[in-house]
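Colleague: Structure provided below as structure tokens; questions to follow.
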Amino acid sequence: MKANVGGIDRALRIVVGLALIAWVLFFSGPVWAWIGVLPLATGLMNFCPAYSIFGVSTCKVK
């Protein structure tokens, strides 16, 4: 897996993922908010399968 998620994109994914999960756990949010696991995982792994399918990358070229 080649990294295709850059810095700002990664930070936003992690924050949004954690916020959605916290909403479910601490504030009795809706079940669909568990979708926050996906942006959290892609942010932590620096890889997004959808980005690879569409040929997108937010990583800076080295």
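The values are calculated or read from the model by the stated rules, or taken from the named source; none is laboratory data. The shown structure was predicted, so the numbers you read here are calculated from the model rather than taken from an experiment. Cβ placement follows ideal geometry from the backbone for every residue including glycine, while neighbour counts extend to all protein chains displayed.
Conditions (1) outside any loop (DSSP other than H, G, I, E, B); (2) at pLDDT 95 or above; (3) aromatic (Phe, Trp, Tyr), marked per residue:
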| residue | (1), (2), (3) |
| --- | --- |
| 19 | yes, yes, no |
| 22 | yes, yes, no |
| 34 | yes, yes, yes |
| 37 | yes, yes, no |
| 44 | yes, yes, no |
| 60 | no, no, no |
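Colleague: Within 19 Å of residue 58 (Cβ to Cβ), surrounded by 13 or more Cβ atoms within 10 Å (Cβ to Cβ), under 11 Å from the mean Cα position of the chain (by Cα) and without any contact (Cβ under 8 Å) to a residue 12 or more places away in the chain: does that describe residue 15? Break it down into steps so the answer makes sense when it comes.
Modeller: Values: within 19 Å of residue 58 (Cβ to Cβ): yes; surrounded by 13 or more Cβ atoms within 10 Å (Cβ to Cβ): yes; under 11 Å from the mean Cα position of the chain (by Cα): yes; without any contact (Cβ under 8 Å) to a residue 12 or more places away in the chain: yes.
So residue 15 fits the description; yes.
Colleague: Ok, one more. Restricting attention to region 18-62, which residues are among the aromatic types (Phe, Trp, Tyr) and either in contact (Cβ under 8 Å) with a residue 60 or more places away in the chain or surrounded by 14 or more Cβ atoms within 10 Å (Cβ to Cβ) (or both)?
Modeller: 23, 34, 47, 51
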